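To start, the structure under review is shown below, and the notes come after it.
The values are calculated or read from the model by the stated rules, or taken from the named source; none is laboratory data. Here the structure is a predicted model, which is why all the values come from computation and not from measurement. Don't worry about glycine lacking a Cβ; one is built from the backbone with ideal geometry, like all the others, and counts go over all protein chains shown. Areas reflect the complete protein model, heavy atoms only, side chains present, ligands, DNA and RNA absent. Shrake-Rupley method; radii C 1.70, N 1.55, O 1.52, S 1.80 Å.
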Amino acid sequence: MPAAPSVTVVVVNWNRRELLRACLESLARQTHPSFEVIVVDNGSDDGSVALVKEMAGSYPVALRLIVNSNNRGFCAANNQGFAASEAEFVALLNNDAEADPQWLEALEQVIGASREVGMAASKILVWEDPSRIDNAGHLMYPDGQNRGRGTGQVDSGQFDRIDETLWPDGCAALYRRAMLDEVGGFDEEFFAYADDAELGLRGRIAGWTCLYAPGAVVRHHRGATLGLDSARRLTLIERNRVLLVVKLFPWNLLWINGAYYFARIAAGLWAALRNQGELRRYSGMQGKLSAATALVRGTVSAIPLIPSMLRKRRAFRSKRRLTPWQIRRLLLDHRISLREISSQST
């Protein structure tokens, strides 16, 4: 029997047939010698399932398909992929992303540097303008809002060396199976957005590290899932920020969370007046009002889930390897500035 693949690439899809085709074609060109692909389809009705079945007949590596009857969300679908894999490493690639041929090899080379490295981050470029960076790993503002490192910057080589980053973007990431076995997969109550931050921070608290692989290049269609100007997207981002903070932040940061939050909101409003930041995507007074309503709705919708997050916080206590002060130091060392987070868009 052939040897089991060392890497499984999981691709979650929902009604993005042509984007999925381009994604799978990019994976078919990978130079990595031993991997498989699992597509988890979340109840698509646009012919995506038929496309995968058609491509599987002539695909250069094993191409497996898991079909859900409805949209279970990014988190649950990826967890299905994790469960179906027996590989030492599990990679994620968004269906709206295309990987360079050396992407998977570069990720595995970096994560193999040490057994303590549980995650590897890709260099993600904007598909519509590959001269600009989508993200090169992640940073976090102390209120729990996480953003991509280098988002919007022109790629001039400033992120061309291997270094530590907080965690990888779930758009294009590699995880060590041993880390996932220890800390678990994605929290399915998050559904989508900030889920990669929650899993990444859980891994860091458990003592795993994350390295950034500059040779692992991906081009990403930003906002193809819900749209960059989607109010639903803003609601989920804000709701999940609250859930992440309650579940994983040390109390020495949690008690001042409100101050950081209001500072970020005030800076965001000031940036919007200058046509910068997240709110610039929402045109006119009606658009700005819709965005503000979405943010409030996100905070309010988090409240019923707080008891669940507190239970999970207690359950995870035995797996913590970092002290509260070490967690605080980690987050502040990888902090995005107030000026930068208010002027850039997610």
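The charge dipole of the range 89-222, taken about the Cα centre with unit charges on the Cβ atoms of Lys, Arg (+1) and Asp, Glu (-1), comes to about 340 debye, rounded to the nearest 20. With all protein chains in place and ligands, DNA and RNA left out, the 1.4 Å accessible area ranks GLU18, GLU25 as GLU18, GLU25, largest first.
When peptides 135-146, 257-268, 108-119, 237-248 are sorted by average Cβ neighbour count within 10 Å, with the highest value leading, the order is 135-146, 237-248, 108-119, 257-268. Evaluated at q = 0.06, 0.07 Å⁻¹, the base-10 log of the normalised Debye intensity for the chain, with identical point scatterers placed on the Cα atoms, takes the values -0.20, -0.27. Surface composition of the chain: carbon plus sulfur atoms hold 56% of the accessible area, using a 1.4 angstrom probe and ignoring ligands, DNA and RNA. Peptides 3-16, 304-317 ranked from most to least packed give 3-16, 304-317, packing being the mean of other C-beta atoms within 10 angstrom over each peptide's residues. Between the amide H of ALA216 and those of LYS123, distances stay under 5 Å, these residues lying 5 or more places away or on another chain, with hydrogens modeled in the peptide plane.
Give me the angle, in degrees from 0 to 90, between the Cα long axis of helix 73-84 and the longest principal axis of the Cα atoms of the chain, rounded to the nearest 10. That works out to roughly 40 degrees.
Taking the C-alpha atoms only, the angle from helix 284-302 to the longest principal axis of the chain is near 80 degrees. Choose one of ALA56, VAL10, TYR212: the residue whose Cα lies farthest towards the positive end of the charge dipole of the chain (beta-carbon charges +1 Lys, Arg; -1 Asp, Glu; about the Cα centre). In the chain, that residue is TYR212. DSSP beta bridges confined to the chain are antiparallel in about 45 percent of cases. Accessible area per residue for the chain, computed on protein heavy atoms with a 1.4 Å probe, is 42 Å².
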